[in-house]
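These notes concern the structure reproduced below.
The values are calculated or read from the model by the stated rules, or taken from the named source; none is laboratory data. These figures come from a predicted structure and were not determined experimentally. In this analysis, Cβ positions are derived from the backbone assuming ideal geometry, glycine residues included, and neighbour counts consider all displayed protein chains. For accessibility, only protein heavy atoms count, side chains too; no ligands or nucleic acids. Shrake-Rupley method; radii C 1.70, N 1.55, O 1.52, S 1.80 Å.
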Amino acid sequence: MRLAILGGGGFRTPLVYGALLTDHHDRRVREVRLHDVDQQRLAAIERVLAEMAADHEDPPAVRTTTDLDEAVDGVDFVFSAIRVGGLAGRTADERVALGLGLLGQETTGPGGISYGLRTIPVALGVAERVKALAPDAWVINFTNPAGMITEAMQGVLGDRVVGICDSPIGLARRAAATLGIDPAETSVDYVGLNHLGWLRGLRHDGRDVLPELLADDARLASMEEGQLFGLDWIRTLGTIPNEYLYYFYFTRDAIASIGAGRQTRGEFLLEQQRTFYASLASTEGGALREWDRVRLERNATYMREARQDGEERDEHDVQGGGYEGVALAIMAAISRGEPASLILNVRGGGVVPGLPPDAVVEVPCTVDAAGPRPLPLSPLDGHPLGLVQQVKAVERLVIEAATTGSERRAVEAFALHPLVDSVTVARELLAGYRARIPLVDAVFRR
């Protein structure tokens, strides 16, 4: 099989390639095409992959290109992991919001809207080229905001676009491991949107064991979510929230912490990755070792604003990983008939009552040769349903604004987001992002 990785010069590409190196099936990926708009980044990651492959027999061949058509022509699968506007755009996403006293985060709140506005036109262009050059290919979307981008691309490619994220995967895995249960022997009740979901149940040996975890002080406190949200709030909810719900439940705390820091997360990553790519361009050898060192540093500082001073992440969380395994499991299920149960971003088809049937939701699915199918779920109710409905309405307004160039719909999207508190501020957000990010401004100048 042939796999195209769009955004192939990005930092997570070696995780995917590393997973491919462990696959020895006769029907496996034999060729990986890395596409990126930045040749220096491509060259650096190509060196990392070459060192990874050195000790393996018959590793997947790697080709690099800055030409999108060359990358996707005739492939079987496309991994889309693009960052439109780069990390410089991410820092603007954060700083414009913070400058108005709002949450500055890349996917949640105003920053996610800005990110979506400039990414959707590019993602739709990708979808059109895949439709033309690889009409039977499946697209596995990593690009954030993952649910929004997946839904937009489905307008071109239908259900052959699947979104994935490692947050719910990690949450379910941590919950099972904390209870001493093999995650592979559990079934998960998880529901929501990307970066906006709740773990409601964890079944093992025919019973829901999540209440045992919620009742156990020591075990719950050992989980990253227990440290983020506090035991009392998790028990109040009766569920374990996705880590990104910290920004909704502790908004003021997050804004104060981010604002008090020397750097935003985007600024830290921008500085770190500039150093990384420059170092690989000026040295020979040691590319894999340097990539791994930077990866661990990156993971160790993830969501630092939500932790107490001096509080360190659990070693397993620092090691990270997960989404690349999900991506390979999707490919194996579709191409080789190896069924899998995974949490994915897919068209809901009514599985979440209260949302349109064609809305993309993040839910447990079974995956086989026909693709993913959402599993039946008990309905959402109370504040989670209201929050999901409101954020989904915002996502759809962003898609409409990005595809039509409507400033009115963009302002409406900002104004209706739960983390924006004024229509006046919504107008200031749009003006601020247009002034700081040319790719956002271009959406409204077509």
Within a Gaussian network of the chain (alpha carbon springs, distance under 10 Å), most fluctuating of Arg408, Arg174, Arg265: Arg408
Of Pro372, Pro110, Pro384, the one that fluctuates the most in a GNM where the chain has Cα springs shorter than 10 Å: Pro384
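Over segment 1-131, what relative contact order in percent results from Cα pairs under 8 Å that are six or more residues apart?
Numbers: 188 pairs, mean separation 34.6, N = 131.
Once normalised by length, the contact order is 26 percent.
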Two-decimal Rg/Rh across segment 1-85, once Rg and the Kirkwood Rh are taken from alpha-carbon atoms: 0.94
Carbon and sulfur %, accessible surface of the chain computed with the full protein complex present, 1.4 Å: 49
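Could you give the accessible area per residue of segment 379-431, probe 1.4 Å, as a whole number in Å²? Intermediate results must be reported in sequence, preceding the final value.
On the way: 2410 Å² over 53 residues.
I get 45 Å² per residue for this part.
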MRE, 222 nm, helices only [DSSP H, n ≥ 4, -39500 (n - 2.57), over the chain, to nearest 500]: -16000 deg cm²/dmol
Counted charge near Gly10, where neighbours are those whose Cβ lies closer than 15 Å (Asp, Glu -1; Lys, Arg +1): +3
For the chain, share of DSSP beta bridges that run antiparallel, in % to the nearest 5: 55
Largest-first principal axis extents of the Cα set of segment 51-93 (Å): 44, 27, 16
Alpha carbon centroid spacing (whole Å) that separates segment 190-229 from segment 132-171: 26
Highest-MSF residue in the chain out of Thr119, Thr186, Thr150 [GNM, Cα springs under 10 Å]: Thr186
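In nm², what is the average projected area of the convex hull enclosing the Cα atoms of the chain?
Numbers: hull surface 81.2 nm².
Here the figure is 20.3 nm², rounded to one decimal.
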Dipole of the chain [Lys/Arg +1, Asp/Glu -1 at C-beta], most positive-end residue of Gly286, Thr143, Val425: Val425
